[in-house]
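All remarks here apply to the structure that follows.
The values are calculated or read from the model by the stated rules, or taken from the named source; none is laboratory data. Please read all numbers here as calculations on a predicted model, not as lab measurements. All Cβ positions, glycine included, derive from the backbone under ideal geometry; neighbour counts span all protein chains shown. Side chains are part of the model used for accessible areas, which takes the heavy atoms of the whole protein and leaves out ligands, DNA and RNA. Shrake-Rupley method; radii C 1.70, N 1.55, O 1.52, S 1.80 Å.
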Amino acid sequence: MKISFYDTKPYDRIFFDKENEKYGYEIRYFETKLSKKTAVLSKGCTAAVAFVNDDIDKEAIDALNELGVELIAMRCAGYNNVDLKAAEGKIKVARVPVYSPYAVAEHAMAMLLTLNRRIHKAFLRTRDYNFSLNGLTGFDLHGKNAGVIGTGNIGSAFIDICKGFGMNVFAYDIFESNPKAQYVSLDRIFSECDVISLHCPLTKDTYHIINDLSIAKMKSGVFIVNTSRGSLIDSSALLRGITNEKIGGACLDVYEEETEIFHEDFSDTTNKDRLLVQLISMPNVIVTSHQGFLTKEALQKIAAVTLKNISDYSNKRTLENEVFIKNP
């Protein structure tokens, strides 16, 4: 079986090649992202492996279908970048629903601790032999209110971490599935929480869930953490909230216009996303390039589940991780 593999990075090949020793598939690795223009690279392939920033719209799906591709295997949990309606009846879509919720949850807390305690600034200072403590004051997480929006596997792992720090945790999810969570309204999370962390999928209902109106309801000095999807936050509203000091800090592992930026090196270019440049320049903002998933354990699980999805399909077994249209 021939498989096209888009948006390839060196770490992808390491873990997928190792896992592929079980199957012996011919994997064609491409650095380019999947789109209507690059779908042609899948000629002769039965499956295409895609990632979070690939543009899998109707035109891309039609092109893959014409080339004989039968399965799009997402090597991630999210699939908001796939036009499921266009794929229906043409190409099956599968995903990796769980890889390592701890990887993302721990990264969220790492960002929060780094920004709050100014660890990134202290690191740079001491490298210059500057041991001043001025401007490095943070606050105790213990006893503070944490609001977790989305209580799936990752959100639940983050709740456990917050409780370990002695925080009071409030949660919001349309599916109140975590028996250990104290579910409250969104308005209560916005108005009472010192830290708000986003762990929900991107849907029409969660698009720009953080906006001017929700920010206006928040406590002054609130910290916002997003390791889920960039478009959960209206970036312009976030910048306004930071500029007027309503928001005390923002930890962003995702950005709503990240598709052509994240995972690439643009350090020598001058034509940069102006809004992102402004956010990065803020002293109380930390941006990482969608790396929350990047642990050995997560990469191993992603490779294992992705190739198992392909194996299940090719051997006509039940495709347990198939993605369907929720509201056709």
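Values as computed for the structure displayed
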| read-out | value |
| --- | --- |
| Dipole in debye (nearest 20) - region 166-238, about Cα centre, beta carbon charges: Lys, Arg +1; Asp, Glu -1 | 100 |
| Heavy-atom accessible area ranking, 1.4 Å probe, most first, across Thr318, Thr259, Thr8 | Thr318, Thr259, Thr8 |
| Computed accessible area, Arg125, all protein chains, 1.4 angstrom probe, square angstrom | 60 |
| Percent of Cα-Cα distances greater than 23 Å, calculated over region 1-100 | 17 |
| Selected from Asn244, Gly230, Ile310, residue furthest toward positive end of dipole (region 192-328; charges at beta carbon) | Ile310 |
| Residues of region 186-328: accessible area per residue with a 1.4 Å probe, Å² | 50 |
| Principal axis dimensions, largest first and in whole angstrom, of region 141-230 by Cα | 31, 28, 21 |
| Reciprocal of mean inverse Cα separation for region 1-43 (Kirkwood radius, Å) | 10.9 |
| For region 150-184 versus region 252-281, the gap between their alpha-carbon centres in whole angstrom | 31 |
| Nearest-10 value in Å² for the accessible area of Glu260, using the 1.4 Å probe | 130 |
| Distance between modelled label sites at Thr203 and Met1, nm, 7 Å Cα→Cβ extension | 3.0 |
| Volume per residue that the Cα convex hull of region 188-313 spans, once the total is divided by residue count, Å³ | 147 |
| The chain, accessible surface, carbon-and-sulfur percent (1.4 angstrom probe) | 51 |
| For the chain, calculated [θ]222 nm from helices alone, where every DSSP H run of n ≥ 4 adds -39500 (n - 2.57) | -10000 deg cm²/dmol |
| Tensor-based shape of region 49-100 (alpha-carbon gyration tensor, a/c under 1.5 rounded, otherwise prolate or oblate) | prolate |
| Distribution of pairwise C-alpha distances over region 250-326, 10 Å bins, in % | 14, 31, 26, 20, 9, 1 |
| Overall form of region 167-213 per C-alpha gyration tensor (a/c, 1.5; a/b vs b/c) | oblate |
| Orientation-averaged projected area, Cα convex hull of region 61-154 (nm²) | 10.3 |
| Solvent-accessible surface ranking, highest first, for Ser220, Ser314 at 1.4 angstrom | Ser220, Ser314 |
| log10 of Debye I(q)/I(0), alpha-carbon scatterers only, for the chain at 0.12, 0.14 Å⁻¹ | -0.88, -1.14 |
| Rounded to the nearest 10 Å², the accessible area of Asp55 at probe 1.4 Å | 80 |
| Per residue accessible area in Å² of region 59-147, where ligands, DNA and RNA are left out and the probe is 1.4 Å | 51 |
| Ranking by accessible area, most exposed first, for Arg274, Arg127, Arg75, Arg317 with a 1.4 Å probe | Arg274, Arg127, Arg317, Arg75 |
